[in-house]
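Read the structure below first, then the notes.
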Amino acid sequence: MTDHSDPAAAVGELLTARGETLAVAESLTGGLVGSRVTDVP
């Protein structure tokens, strides 16, 4: 992992390394989780 300060980047790297994907269904956070994950290039 290159950037330990960004949890979304860390999750993305772990998912990629494992060949897995992430799905979120949000109501309480108003899309914050999905937004944080998709903001990572």
All positions within the stretch 8-32 that are surrounded by 10 or more Cβ atoms within 10 Å (Cβ to Cβ) and in a helix (DSSP H, G or I): A8, A9, A10, V11, G12, E13, L14, L15, T16, L32
Residue within the stretch 2-20 that is of a type in the set (V, I, T), at pLDDT below 85 and out of contact with any His (no Cβ under 6 Å at 6 or more places or on another chain) present: yes
Flag for V40 being open to solvent by less than 90 Å² (accessible area, probe 1.4 Å), part of a loop (DSSP other than H, G, I, E, B) and among the hydrophobic types (A, V, I, L, M, F, W, C): yes
Matching residues, the stretch 21-41, being within 8 Å of the chain's Cα centre (by Cα) and at pLDDT 90 or above: L22
Residues being closer than 16 Å to S5 by Cα and touching a Gly at 6+ places or on another chain (Cβ under 6 Å) - total across the stretch 24-41: 1
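The values are calculated or read from the model by the stated rules, or taken from the named source; none is laboratory data. In this text the structure is predicted, and so the values were computed from the model without any measurement. In this analysis, Cβ positions are derived from the backbone assuming ideal geometry, glycine residues included, and neighbour counts consider all displayed protein chains. Keep in mind that these areas ignore ligands, DNA and RNA; they rest on the heavy atoms of the full protein, side chains included. Shrake-Rupley method; radii C 1.70, N 1.55, O 1.52, S 1.80 Å.
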